[in-house]
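Taken together, the values in this text are just the output of simple stated rules run on the coordinates, not laboratory data. This one's a predicted model, so the numbers in the text were calculated from it and none came from an experiment. Backbone-built Cβ (ideal geometry, glycine too); neighbour counts: all protein chains shown.
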Amino acid sequence: MKVVDRAALGQQFQLGVATSSYQIEGAVQADGRAPSIWDTFAHVPGKIRDGSSGDVACDHYHRMAEDVALLAWLGVDAYRFSIAWPRVVPQGRGQVNQRGLDFYERLVDALLERGIAPCATLYHWDLPEALERGGGWLSRDTAQAFADYSAAVAARLGDRVALWLTHNEPWCQAFLGYELGYFAPGKRDLAQALTCAHHLLLSHGLAVSALRSQVRSPLGIAPNFMPAHPASSAAEDVAAAARQDAYFNRWFIEPALGLGYPAELLSRCGELLPHGAERDLELIAQPIDVVGVNYYERSVVRHAAGSGWLEVGRVRESELPRTADREIYPAGLLEVVERLHRQYGVKRIVITENGAASTADEAVVDGGVRDPVRVAFLREHLEQVVIARQRGVPVEGFFAWSLLDNFEWAEGYTLRYGVVHVDFETQRRTPKDSALFLRSLRRPGR
Ligand code: FCB
């Protein structure tokens with residue numbers, strides 16, 4: 001075991017917590033915000049496990065000052081939040097809603113006053129519904145609309161945001177949203193998923209070039225990574241793991257880094273890519289400064305003949321301990337960052353998400369919340385960060401998911417990921433033991 005303390009992480013290391021707009025803000029009709037695809041999806045009966053939505057969520061839009069005070073108490077160096085496109089450009093393109101930008105400007109200024117670096121994600125899945133009606137991510141024009149929206153945000157906040165991330169987990173938007181139907185907009189069509197994926201990548205490239213001319217702070221993207229391990233040493237399981245890896249881990253980062261789409265999978269699905277996709281590869285591969293890593297788990301897979309185009313089956317991993325929803329596998333984080341650095345030559349890495357779920361009944365007792373599994377989870381993953389840094393892998397920061405319990409997408413409020421407990425009846429916030437753990441890692445003097 002490695003010691004995880006501030007000295008081990010380094011004084012320059014950026015420790016923070018993360019959230020996203022639709023999961024915490026609520027106030028879905030405030031100040032000119034128009035609906036997003038998640039507003040629509042959440043209100044379709046049967047899509048969200050507990051029938052809930054983000055209509056109110058943590059009511060962060062109205063409680064922002066209280067939440068920033070919480071961040072200051074936590075002593076974090078940085079805060080990662082996402083900007084809701086439908087607040088800033090309610091119709092997706094055209095008119096910019098200054099009142100939407102006002103909110104994020106108040107947030108950014110409040111963070112800066114407390115000495116907390118604001119890190120903004122431009123897209124965490126809340127596409128304006130108005131764009132969806134015109135084809136959404138299936139339409140190439142949406143990529144340009146994203147770049148224009150990004151430029152509008154940068155015009156207001158470009159001098160103050162410390163780190164810009166274009167997309168959060170594009171795999172989830174494309175494949176959970178369009179192949180598996182589990183996320184908004186709830187489609188089930190591989191060709192649509194691949195088209196969405198391509199337009200997300202294109203929009204990333206266009207946004208990076210738009211931002212590059214406007215801001216000086218680092219730019220990046222935050223894909224999710226899940227090492228794919230074969231269930232056995234049989235050649236066909238090893239090959240299945242390689243396919244899973246290409247599908248999940250390589251589909252976005254390789255084009256973004258100028259390596260094109262993984263060739264192995266093109267033989268299975270290449271003809272479903274939008275016509276002329278290869279001509280966009282150069283636009284997609286704009287130089288970026290940072291790769292964000294969202295890491296939660298690994299997958300163990302076997303060859304599954306005839307089970308869909310990928311012919312991969314996920315097996316339940318092992319006897320390792322689990323959180324409420326996944327196996328706990330900290331070594332996978334080291335595997336991901338070492339690969340990014342050694343195989344792809346990435347020079348700056350930030351862990352943009354990592355955290356543990358508990359079930360909805362996690363409760364406040366005597367003014368606190370005992371969450372030993374989450375404390376151990378964060379400690380063990382930070383240990384891997386310490387090891388990575390000792391090995392020369394440039395991991396510069398770590399954001400725990402999440403500051404607050406919040407609307408966990410299709411799982412609604414059935415899972416709690418916060419280091420701060422939220423009572424959704426009263427909106428009372430109560431720091432859990434995991435918040436105290438993070439607080440114990442704050443820089444001296446904070
Ligand atoms: C990630 C998402 C984040 C949250 C966590 C638990 O996939 O980026 O919004 O839902 O999982």
What FRET efficiency do you get for ARG188 and VAL315 if R0 is 35 Å and r is their Cβ-Cβ distance, rounded to the nearest 0.05? 0.90
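Take the alpha carbon atoms of segment 239-326, find their radius of gyration, then divide it by 2.2 N^0.38 Å using N residues; give the quotient. Provide the component values of the computation, followed by the final result.
Details: Rg = 15.7 Å, N = 88, 2.2 N^0.38 = 12.1 Å.
Output field value: 1.30.
Return the loop-located GluC sites (Glu not before Pro) in segment 289-348 (DSSP other than H, G, I, E, B) with at most 13 other Cβ atoms within 10 Å of their own Cβ; answer none if there are none.
Taking segment 289-348 and a limit of 13 other Cβ atoms within 10 Å, the loop GluC sites (Glu not before Pro) found are GLU319.
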The chain - percent relative contact order, Cα under 8 Å, separation 6 or more: 18 percent
Can you tell me the dipole magnitude for segment 6-440 around its Cα centre, using point charges on the Cβ only (Lys, Arg +1; Asp, Glu -1), in Debye to the nearest 20? 720 debye
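Sort LEU180, LEU127, LEU201 so that the residue with the fewest other Cβ atoms within 10 Å of its own Cβ comes first and the one with the most comes last.
So the ranking, lowest neighbour count to highest, is LEU180, LEU127, LEU201.
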Order these by the 10 Å Cβ neighbour count, fewest first: TRP137, TRP309. TRP309, TRP137
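Between beta-carbons, use under 11 Å as the cut-off and find the net charge around LEU165, counting Lys and Arg +1, Asp and Glu -1.
On the way: positive: ARG80; negative: GLU169, ASP289, GLU353.
Net charge in that neighbourhood comes out at -2.
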Please name which of GLN214, THR121, GLN23 has its Cα lying farthest along the dipole of the chain towards the positive end, using unit charges on Cβ (Lys, Arg +1; Asp, Glu -1) and the Cα centre as origin. GLN214
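Before anything else, pin down the relative contact order of segment 36-147: Cα pairs under 8 Å, at least 6 apart, normalised by residue count, whole percent.
Numbers: 122 pairs, mean separation 35.8, N = 112.
It rounds to 32 percent for segment 36-147.
I need the fraction of alpha carbon pairs in the chain separated by more than 32 Å, rounded to a whole percent.
Numbers: 32963 of 99235 pairs.
The calculated P(r) of the chain puts 33 percent of pairs beyond 32 Å.
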Can you sort TYR123, TYR182, TYR247, TYR104 so the residue with the fewest Cβ neighbours within 10 Å comes first? TYR182, TYR247, TYR104, TYR123
Counting other Cβ atoms within 10 Å, which GluC sites (Glu not before Pro) in segment 384-425 have at most 15 and lie in a DSSP loop? GLU425
Whole-Hz Karplus couplings 3J(HN,Hα) for segment 297-311, θ = phi - 60° and coefficients 6.51, -1.76, 1.60, Gly and Pro as x, run 6, 9, 10, 10, 10, 10, 5, 10, 4, x, 9, x, 5, 8, 6
With -39,500 (n - 2.57) per DSSP H segment of 4 or more residues and division by the full residue count of the chain, the 222 nm estimate, nearest 500 deg cm²/dmol, is -10500 deg cm²/dmol
Checked against the positive end of the charge dipole of the chain (+1 on Cβ of Lys and Arg, -1 on Cβ of Asp and Glu, about the Cα centre), the farthest of GLN98, HIS60, VAL393 is VAL393
